[in-house]
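Written below as structure tokens is the structure these notes are about.
The values are calculated or read from the model by the stated rules, or taken from the named source; none is laboratory data. Just so we're clear, the structure is a prediction, and the values are computed from it rather than from any experiment. When we count neighbours, we look across all protein chains shown, and the Cβ atoms used for this are built from the backbone with ideal geometry, even at glycine. Just so you know, the surface numbers come from the protein's heavy atoms only, side chains and all, with ligands and any DNA or RNA stripped out. Shrake-Rupley method; radii C 1.70, N 1.55, O 1.52, S 1.80 Å.
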Amino acid sequence: MKSSVSVCIVLFAANVFLLEGSSHLHSRKSSKFATVWGFSWQNCGKQDPAQLKTLHISPDPITIPGQLTADASGTTSVELVSPLSVNVTLEKEIAGLWVKIPCLEEIGSCHYPDICDLLNQLIPPGQDCPEPLHTYGLPCHCPFKAGDYSLPTSDIDIPEVELPGWLTNGNYKVQGVLGSSDKELGCLKISFSLHSSM
């Protein structure tokens, strides 16, 4: 999945904030500066055909806007084809309890019926894939062939992101489940702390 790993990392790790969110954020209040602390991840579908093997991100904390360094590797034993759904569950820690955040304006605990269509909307077919995928010749559209994939250590510029007003400071957990035809293909859990200053 040379790019499938990268795409799934971005989709899961960012809770689709940067991808799905980017096309719906124009009217939202802009965050001038944000930091993400304590980013961690784990696979949650031990027998799933698509698995993230490694993901290293630095520095900690990550500043937005800013730059991070990342490398990743993963594998899929099946071809990932449209329709490729993602079910995201976003939880925030409130008074020691984890509370599920509902799907608001396509961000939060949402179901995305086909990320292949979303990728085509965000990166029109025929347009170069974004960096660092383009540099390493990694595709960014479905289908993604079965195989082992890796993203070498890369510097990634993070632009200023307009965070929704309800995404307040605190501790968060995200679970993303990748599926097709009611079959789970992959599952990833992410945790992080967010602090933003408007």
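Observations, loosely collected:
- Only one entry in Pro152, Pro83, Pro130, Pro164 is assigned to a loop (DSSP other than H, G, I, E, B), under 27 Å from Pro49 (Cβ atoms) and in contact (Cβ under 8 Å) with a residue 12 or more places away in the chain, namely Pro83.
- Screening Pro124 against (1) outside any loop (DSSP other than H, G, I, E, B); (2) out of contact with any strand residue (DSSP E or B) (no Cβ under 8 Å at 6 or more places or on another chain); (3) not aliphatic (A, V, I, L, M) leaves a single unmet condition, (1).
- Restricting attention to segment 107-121, the residues being in a loop (DSSP other than H, G, I, E, B) and surrounded by 17 or more Cβ atoms within 10 Å (Cβ to Cβ) number 2.
- From the list Thr54, Thr63, Thr75, Thr135, the one residue that fits, being exposed (fewer than 13 other Cβ atoms within 10 Å of the Cβ) and in a strand (DSSP E or B), is Thr54.
- Residue check for Lys100: open to solvent by 20 Å² or more (accessible area, probe 1.4 Å), closer than 29 Å to Ser58 by Cβ and either modelled with pLDDT under 85 or touching a Gly at 6+ places or on another chain (Cβ under 9 Å) (or both): no
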